[in-house]
Structure formats: C-alpha cells, structure tokens
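Just below is one structure, and these are the notes that go with it.
Derivation of every value follows stated rules applied to the coordinates shown; laboratory data play no part. All figures in this text were calculated on a predicted structure; none of them were measured in a lab. Methodologically, a virtual Cβ is constructed for each residue, glycine included, from the backbone with ideal geometry; neighbour enumeration extends over all protein chains shown.
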C-alpha cells in the first residue's frame, strides 16, 4: 500500500526567504535518505499557510521517522507562527 502525505502549517512571513531555503534543503536531504520527492505549495489567499506534499510512499514507518528527523535538523519548526504546529494527514488510494 502506498501512502500520500500532506503536511500543512502557518509560518512567520517576516522570515519567508530563510524558511523557503530551509524547506528546499530539507526536502533534498529527505529525498536522499528515502527516495521520496517532496513538493510544497503556498495557499493562494494566505501567504503564511504552506503545505508539503509527498506521494507514493511505500515505507511509511521509515518515511515518518526520517521526515521528523529532517524537519528537526533543518529547523523548520523555528519558522512556525507562535502557537502553531505542523499538521500531517495521510491518504491512500481507493484500492
């Protein structure tokens, strides 16, 4: 079974350029560790809301461990708005 991940959160837009650089770097190192390519999007009507997308993950346990470690290593939590957290949702195909 393959899983798709959608992770959304609100960032401090004052440090937006730093955040984007950290996110790009994090996704590159996560890809090197897991083989999973990530994408990200910013909400059209709210520049503080961002989403990471990871599709077709075949080893969810390993991926989630690596995702947490890489997010921590690249300091993504440092860019969140006060009181905010990263929210993860998992979806699978309708096999």
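A few notes on this one:
- Taking Cα atoms only, the orientation of helix 60-73 departs from the longest principal axis of the chain by about 20 degrees.
- Over the stretch 3-92, volume per residue of the alpha carbon convex hull, in Å³: 89 Å³
- The mean sequence separation of alpha-carbon pairs under 8 Å and at least six residues apart, normalised by the residue count of the stretch 3-92, gives a relative contact order of 49 percent.
- Available extension along the chain between residue 8 and residue 21 is 3.0 nm, counting 0.36 nm per residue and deducting the alpha carbon span.
- For the stretch 47-76 versus the stretch 1-44, the gap between their alpha-carbon centres in whole angstrom: 7 Å
- Point-to-point label distance, residue 44-residue 69, nm (Cα→Cβ direction, 7 Å offset): 3.9 nm
- Value at 222 nm in deg cm²/dmol, rounded to 500, when DSSP H runs of n ≥ 4 in the chain each add -39,500 (n - 2.57): -11500 deg cm²/dmol
- Full-stretch length increase - residue 88, residue 55 - with 0.36 nm per residue and alpha-carbon distance subtracted: 10.6 nm
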